[in-house]
Amino acid sequence: MAVWSNHFNGPFHFDDIPTIVENPSLPQLASIPRFFSNPRISSRDKDSAAYHPLLSAWFAVNYKVGNAKPYIFQAENSLWLLAEMVVIFALFRLIPGVNGFAAAFAALLFGVHPLTAATVNYAMQQGVIVGTFAVTCGMLIWVGWPWHLPQTLPLKLKRVPQHGRDEYLRKNFKRLDARYLKIIHAPIGLYLWPVVPALLIEPATAVFAPILLVYVILFETRRKLRHVIPAGVICGGYWIFQLVFTWKLGDLSKTPLLNYWLTQPWVTVRYLFKFFAPFNLSVDTGLTPFAHFRDPLAVAGYVGLTTLVILAVITSRHTRWRAVSFGIWWFLLALLPDAIRPQRVVEAQWRMFLPAVGLALVVAALASIALERVEESRRVMQFSIAGGLATVLLVLAGWATYQRNDVWGSEQTLWRDALDKNPHDGRAFMYYGLTRLESGDSSGAFDNVSRAAVLTPHDPMVAINLARTDAKLGRYTDAESQFRRAIADGASYSPAFSSYSQWLLDQSRNREAFDMASKAITLDPYDMDGRRALMDILAQGHEWEQLKKFADETFRLFPGSPDAQRSLNVAQAGLDQIPRAEAAATTEPTVNKYLQLSVLYFQAQRYDDCINTARQALKINPNLPEAWANIASAYHTLGKLDDTIAALREEIRLNPNMPSAQKNLGIELTAKAQQSAGH
């Protein structure tokens with residue numbers, strides 16, 4: 001509690017924002033069934049969307065109960081961590097070759113290790129914590145059930161029965177004992193009960209099957225490899241299903257497959273080092289994928305990974321060292337899901353959470369071996385020394401974790417820390433620049449995001465944020481140039497188009513904004529920024545029918561969306577104007593009523609009605625230039641060139657001091673001349 005006392009007030013961080021805070025599907029509990037059929041709605045951004053329907057559903061409940069406050073998410077992460085420590089201790093205690101002292105030390109070390117801070121402080125990684133708990137709990141049940149339960153009914157029979165119950169037990173003990181054994185040995189797959197729901201929370205839980213397989217090979221004497229088949233079918237089948245189901249999500253941001261795979265052996269070595277020497281930890285290391293398999297660090301990764309595998313094989317041959325072997329295999333297998341599927345970055349600390357359980361087991365096994373070799377005569381002294389050393393290590397690890405929690409205390413401190421430790425990390429410069437922009441330091445934001453653009457060229461996300469920073473500084477030409485660069489670098493990246501559309505809309509360039517927003521939702525129908533821009537453009541253009549139709553479509557994609565609801569209300573109000581104006585013109589047929597109705601018809605794209613209503617006004621007062629202006633606009637939209645020219649001439653005849661009409665007439669006459677020349 002002392003170590004994690006400064007954790008609970010932490011805010012949401014980077015991917016928490018699109019996944020939890022600004023996810024338009026999360027505030028509505030009605031979205032919960034859709035999480036199971038549509039992985040795209042798990043996040044506002046396509047890049048951070050994933051298929052974890054139970055986790056998304058739980059986030060929706062938390063959002064509703066906690067009003068999107070980070071405290072409830074952070075508190076839950078802490079409780080899950082505590083539960084994981086308990087099951088780690090219970091499991092390690094049952095693994096052959098690990099004693100109680102070493103198991104307790106390993107569980108505590110896992111709970112206060114600074115590597116865990118990157119997972120526990122990151123709200124959206126709750127799935128990783130729950131998945132780790134499920135794997136450990138499933139292993140605990142497999143190991144402990146039923147062989148570590150009493151193999152006979154744990155009841156004491158009295159020699160002289162004193163009650164009817166005692167007499168009943170004496171007469172029926174054999175039958176009850178047989179029933180008890182039948183229940184505890186029933187083939188109900190109890191070990192899969194925590195694993196199956198956790199697959200819907202964190203797909204990487206599927207590593208339970210290969211971890212279980214290794215345990216059976218190393219330790220099991222009563223059950224055979226065939227007993228692992230149900231776990232293999234369920235875990236393997238589900239992982240392949242979700243992999244295929246979500247493969248296209250975040251295509252643009254994924255690291256190229258071959259480069260990603262070439263880097264993973266070195267990443268594995270780095271993870272191992274960081275567990276045993278957790279120094280210089282950072283939320284983003286800036287490690288870039290290797291370009292070639294002969295890269296020196298790539299070769300070092302191959303050597304390191306091969307050494308680990310050889311070490312795991314060698315230790316598996318000696319009974320006393322098999323727990324060490326199992327820990328190494330756990331570490332390696334737990335890394336597989338994120339190593340196989342390309343991610344946005346080649347390494348991340350939260351991917352170490354489940355593998356770290358395996359390394360904690362290695363520590364527990366090695367500590368047990370060391371303690372066993374202590375001579376009996378010196379056992380008290382040696383155990384005292386071991387206890388003191390363990391306490392010192394736990395205090396040092398806890399202090400490091402406490403400091404990491406402070407770093408995670410805000411977005412600004414988090415990315416400032418990343419910059420200090422990795423001065424060539426472009427992502428860190430970008431995110432730190434955004435924190436400066438949010439705090440009002442536009443100049444500082446521009447410097448940092450510009451540096452990010454140099455370090456990570458051709459990244460559309462960086463270009464978008466640089467454009468926004470330019471816009472804040474009033475550099476509109478530079479801003480537009482950066483938006484166009486984002487589109488060039490990310491031709492299939494919908495936020496490049498939707499962010500540009502929003503900027504164009506702010507510049508009152510509605511036609512261009514409409515085109516960009518349309519492109520964005522073509523690339524990603526769930527791009528809410530693009531949809532919001534389109535709805536604003538349609539509302540400003542008084543295109544009520546189209547606005548209503550588009551808002552209805554948006555509402556179907558995002559039930560309860562306040563933006564869609566607002567647009568529906570605006571569209572309906574606009575549509576209701578015409579019936580009211582028609583009734584008013586019928587009740588009181590005045591010039592003003594007809595002119596107002598004519599304008600409304602034009603805005604609703606009912607151009608023939610616009611013309612007819614304007615002519616009704618002319619019947620009352622033939623000297624109305626405004627009526628001829630409406631008629632000219634309607635004819636122009638209908639493409640009737642001669643009628644447009646005639647209407648404009650009537651408008652000018654009635655009001656010669658209309659420069660706009662004169663200009664429009666000149667344009668129409670030029671078009672007429674070009675048309676005649678073409679014929």
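The values are calculated or read from the model by the stated rules, or taken from the named source; none is laboratory data. Everything numeric here is computed off the predicted structure, so don't read it as measured data. Here the Cβ positions follow ideal geometry from the backbone for every residue, glycine too, while neighbour counts run over all protein chains shown. Note: accessible area is taken over every heavy atom of the protein model, side chains too, but ligands, DNA and RNA are not part of it. Shrake-Rupley method; radii C 1.70, N 1.55, O 1.52, S 1.80 Å.
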Seminar exercise, completed: Expressed per residue, the solvent accessible area of the chain in Å² (1.4 Å probe) is about 47 Å²
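Among the GluC sites (Glu not before Pro) within the range 369-466, which fall in a DSSP loop and have no more than 10 other Cβ atoms within 10 Å of their own Cβ?
Numbers: sites: Glu372, Glu375, Glu376, Glu411, Glu438; in loops: Glu375.
Qualifying residues, ordered by number: Glu375.
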For this session: Please give the FRET efficiency for Thr670 paired with Ala277, using the beta carbon to beta carbon distance and R0 = 51 Å, rounded to the nearest 0.05.
Result: 0.05
Exercise. On a 0 to 90 degree scale, rounded to 10, what angle separates helix 528-540 from the longest Cα axis of the chain?
Worked result: 20 degrees
Problem set entry | Carbon + sulfur, % of accessible area of the chain - ligands and nucleic acids excluded, 1.4 Å | 61 percent
For this session: Have a look at Leu181, Asn99, Val128 and report the one farthest towards the positive end of the charge dipole of the range 46-191, computed about the Cα centre with Cβ charges (Lys/Arg +1, Asp/Glu -1).
Result: Leu181
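For the range 261-391, take the convex hull of the Cα atoms, compute a quarter of its surface area, and give me that in nm², please.
That works out to 9.4 nm².
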Problem set entry | Degrees between helix 53-66 axis and first principal axis of the chain (Cα, 0 to 90, nearest 10) | 70 degrees
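Report the full-extension gain for the segment Asp447 to Asp643: residue separation times 0.36 nm, less the Cα-Cα distance, to one decimal in nm.
Values: separation 196, 0.36 × 196 = 70.56 nm, distance 5.73 nm.
Extra length available between Asp447 and Asp643 comes to 64.8 nm.
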For this session: Would you indicate which of (i) 99, 67, 44; (ii) 119, 70, 47; (iii) 82, 82, 64 is the value of Cα extents along the principal axes in Å derived from the coordinates of this structure?
Result: (ii)
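For every helix of n ≥ 4 consecutive DSSP H residues, a contribution of -39,500 (n - 2.57) applies; sum these over the chain, divide by its total residues, and give [θ] at 222 nm rounded to the nearest 500 deg cm²/dmol.
Details: 30 runs with 462 residues, N = 679.
About -22500 deg cm²/dmol.
Work out how much length Lys171 to Lys224 would gain on full extension: take 0.36 nm times their residue separation and subtract the Cα-Cα distance, in nm to one decimal.
Working: separation 53, 0.36 × 53 = 19.08 nm, distance 3.72 nm.
Extra length from Lys171 to Lys224 when fully extended: 15.4 nm.
What is the magnitude of the charge dipole of the range 331-444 about its Cα centre, with +1 placed on the Cβ of each Lys and Arg, -1 on the Cβ of each Asp and Glu, and no other charges, expressed in debye to the nearest 20? Display every interim value, and only then the final one.
Values: 11 positive and 12 negative charges, 42 e Å.
Rounded to the nearest 20 debye, it is 200 debye.
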For this session: Give me the number: length gained by fully extending Ala573 to Val244, i.e. 0.36 nm times residue separation minus the C-alpha to C-alpha distance, one decimal in nm.
Result: 114.0 nm
Problem set entry | Rounded FRET efficiency, nearest 0.05, which uses the C-beta distance separating His458 from Ala300 and R0 of 25 Å | 0.35
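Given that compact globular proteins tend to follow 2.2 N^0.38 Å, what is the ratio of the alpha-carbon Rg of the range 410-568 to that value? Don't skip to the end; give the middle numbers.
Numbers: Rg = 17.1 Å, N = 159, 2.2 N^0.38 = 15.1 Å.
Its radius of gyration relative to the 2.2 N^0.38 Å reference: 1.13.
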Seminar exercise, completed: Listed by chain and number, the lysines with an alpha carbon less than 24 angstrom from that of Lys663, same-chain partners under 8 positions apart left out, are Lys640, Lys672
For this session: Once you have a ≥ b ≥ c as the square roots of the Cα gyration tensor eigenvalues for the range 123-237, tell me rounded if a/c is under 1.5, and otherwise prolate or oblate according to whether a/b is larger than b/c.
Result: prolate
For this session: At q = 0.14, 0.21 Å⁻¹, work out log10 I(q)/I(0) for the range 331-435 with the Debye formula, treating every Cα as an identical point scatterer and leaving solvent out; two decimals please.
Result: -0.82, -1.16
Seminar exercise, completed: Tilt, helix 164-184 to longest principal axis of the chain (alpha-carbon atoms), in degrees rounded to tens, equals 60 degrees
Problem set entry | Euclidean distance between Cα centres, the range 419-449 to the range 287-358, Å | 33 Å
For this session: Over 26 Å between C-alpha atoms is what I'm after, so list which of Lys46/Lys69; Lys519/Lys549; Lys156/Lys182; Lys248/Lys549; Lys274/Lys421; Lys64/Lys421 land there.
Result: Lys248/Lys549; Lys64/Lys421
For this session: Step through the residues of the range 293-310 one at a time and calculate ³J(HN,Hα) from phi using the Karplus curve (6.51 cos²θ - 1.76 cosθ + 1.60, θ = phi - 60°), rounding each to whole Hz and writing x for Gly and Pro.
Result: 5, 8, 4, x, 5, 5, 4, 4, x, 4, 5, x, 5, 4, 4, 4, 5, 4
Problem set entry | Partner aspartates and glutamates for Lys593 [C-alpha distance under 13 Å; skip if fewer than 8 residues away on the same chain] | Glu582, Glu626
Exercise. Picking from Val363, Gly444, Val143, whose Cα lies most toward the positive end of the charge dipole for the chain (charges on Cβ: Lys, Arg +1; Asp, Glu -1)?
Worked result: Val143
